[in-house]
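Report on the structure given below.
The values are calculated or read from the model by the stated rules, or taken from the named source; none is laboratory data. Because the structure is a prediction, the values reported are computed rather than measured. Cβ placement follows ideal geometry from the backbone for every residue including glycine, while neighbour counts extend to all protein chains displayed.
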Amino acid sequence: MGDVVPPRMRIGIVEDHLRYREALQATIDSIDDLVVVWLADDSGDALARLTEDPVDLVIVDLSLPGGSGAALIGLIRERWPSTECVVVSGHTENHYVRRSFESGAIAYVVKGRPSDLREGIAAAREHREYRSPQLQ
Amino acid sequence: MSRRITPTDQVRDAEASAGELGGCPTTDTSTSAPGSGTARDTPDPAAAMEALADRTNRLTLVAQAAAHLLRGSEPETVLEELFDEMADTLGLEIYEQFEYGDDATPCSVGGNVTWAVTEPGEAGGASVGIGTCGLAFERVEPVIYDGLDRFPDDARAAAHREGLQAYGCFPLVAGGEVFGALCFGTRGDARFDEETVQLIRTIVDYLAVGEQRLRTESQLRELNRTLESRIEEATRDLRASEEQLRRLASDLIRVEQDERQRIAQLLHDDLQQLLFGAQMRVGLLRDDLGEAAGRHVVSHLDEAERYLGESIDIARHLSGELAPTVLDDDHLGETLQWLVEQMRELHDLDVELNTSGDLHVPNRETRVVVHQTVRELLFNVVKHAGVAQARIDIAVRGAELEIHVEDAGNGFDADQAFSDPNRAGRGLATLRQRLSLVGGGLDLEAAPGDGTRAHVVLPAAALVRDG
């Protein structure tokens, strides 16, 4: 009997900026056991996608058109409690970080470094909190 | 001094007289014939009692006149009743009232003409009155004609033919201005005795003073009304200007903020995201190259990542400076907490923040003004106080939002702070001006070596949306 291959983690991405969304997808695609199932560019689109196709983890940008990422995280955690949320944001201010965790995020990753994102996703997979090193 | 006119004075006064009665001679009262005194060979108790009663009546008349004319609110309304009293007491039969105008013939019949033997404008009483009052106007003193029968053919003789024996006009003078005359005539006696003249003159003077008092009071009331009206108008204009200024200031802040926000959004939503994307791609490239990357390639990647990191920092800083996204949050506590963190991160200033009351402020312009105000005050601590600690207390009390920013640093002369031409002074003056435009204020309490306490107040109206 061969090794049991763990199921690939199903991921949704909510990011309104096309170029950065592509960069996120490319980063996640570079990790073997992850698969990007859908992409959304705002909160409404994300909730529709989740309803159709629930995922294990959602990458959420905080600055979204039509509503904040933190509010989206609150809704996701309420309706899909097993779905973890990882924030990716350019904001490094404490109140953004604090509010994200209060809303139910498991990790807060500052945009820019693929290694940070990988660390954040790994932590989420293990259901432990993570924040980028520059936020410590 | 009154003037008595007799026929024998005609030649002496011919050149001085003018008007309808041209050539009327006048003499001083002191040179006129003796009055109607009677020789009293033996005391007559009845006559003495009568004289005493007459004197009492006269004194009563003067007292009543004083009371009515000096203290009353409308002296002219009591004239008729008063002159009836005068007629009874002084034996007068004719009373005419004249007003002076600015035209060539100064006298005209005014007010009520009572007891006149003729109608105004006809020969007789009114005519003699017009002429006599003209002289009184010129001379600003009473003019009295005794024994009208002795005058040649003119208005006086006509008046005599209609029964008049003596006639006199008393100018109404107040404040150096003659504004009319009261004229009296008698058909009984051939002359007015001196005491009667003085008594009439006293009463006429009372009336003049009363009239003048009323005129002055009326002018004062009118002046007051005018002043009050002007003050009300000026106050209304001022309030309208203030309101307009406040709205303009609010619009200006809104427009400025909109533009700042637009640019900040471009920086954050576009430029920063592209830089983040580029940074991610460089990271992925580094991962893909792995061990295969040579030393030079790694060095180039390091530099590229460093440049991108610096570019992101600059874009983030610029975006934050232009329009901190925390201002989108309507809770001032969040805004100030962010500012506290910024001051600690960028300027090593440790700020204690104490909040109290409901600090939700829907009006974005107010949040902007509060943010700019506190930031400027904290910058002053960084630049001038020489300490690394400060404290902010913010609270909503009643209808006001109060903010205190204080430090225990070098302090300065607060009295000169706002007029100081250096940048700090200008900054404070600008701050105070900006606050005043939204109805707020800034006070400073400071002294060299004794720290600084800034007190900012904003009205509740500025807290609500569109306030």
For this session: Within the stretch A:7-21, work out how many residues are among the charged types (D, E, K, R), within 10 Å of another protein chain (Cβ to nearest Cβ) and within 14 Å of the chain's Cα centre (by Cα).
Result: 3
Exercise. Name the pairs whose Cβ atoms lie under 6 Å apart, with the first residue in the stretch B:263-274 and facing chain A (nearest Cβ under 7 Å) and surrounded by fewer than 22 Cβ atoms within 10 Å (Cβ to Cβ), the second of a type in the set (D, E, K, R) and assigned to a helix (DSSP H, G or I), and 6 or more positions between them or separate chains?
Worked result: B:Leu274/A:Arg19
For this session: Looking only at the stretch B:348-366, decide whether some residue is within 14 Å of chain A (Cβ to nearest Cβ), over 21 Å from A:Val110 (Cα atoms), under 45 Å from the mean Cα position of the chain (by Cα) and assigned to a helix (DSSP H, G or I).
Result: no
Problem set entry | Flag for B:Leu339 being more than 14 Å from chain A (Cβ to nearest Cβ) and within 25 Å of B:Gly409 (Cα to Cα) | no
Problem set entry | Residue check, A:Ala70 within 14 Å of the chain's Cα centre (by Cα) and either among the hydrophobic types (A, V, I, L, M, F, W, C) or more than 19 Å from A:Asp116 (Cβ to Cβ) (or both) | yes
Problem set entry | Candidates B:Ala399, B:Ala388, B:Ala462, B:Ala424 - the one that is touching a strand residue (DSSP E or B) at 6+ places or on another chain (Cβ under 8 Å) and modelled with pLDDT under 70 | B:Ala462
Exercise. Which one is nearest to B:Arg286 (Cα to Cα) among residues in the stretch A:100-118 that are of a type outside the set (Gly, Ala, Ser) and surrounded by fewer than 21 Cβ atoms within 10 Å (Cβ to Cβ)?
Worked result: A:Arg118
Problem set entry | Qualifying residue in the stretch B:292-304 (condition: assigned to a helix (DSSP H, G or I), touching a residue at least 40 places away in the same chain (Cβ under 8 Å) and crowded, with 16+ Cβ neighbours inside 10 Å) | no
For this session: Being under 33 Å from the mean Cα position of the chain (by Cα), over 17 Å from B:Val143 (Cβ atoms) and among the hydrophobic types (A, V, I, L, M, F, W, C) is the filter here, so list the residues in the stretch B:172-226 that pass it.
Result: B:Ala174, B:Val209, B:Leu214, B:Leu220, B:Leu223
Exercise. Could you say which residue among B:Arg247, B:Arg286, B:Arg213 is surrounded by 14 or more Cβ atoms within 10 Å (Cβ to Cβ), assigned to a helix (DSSP H, G or I) and modelled with pLDDT under 85?
Worked result: B:Arg213
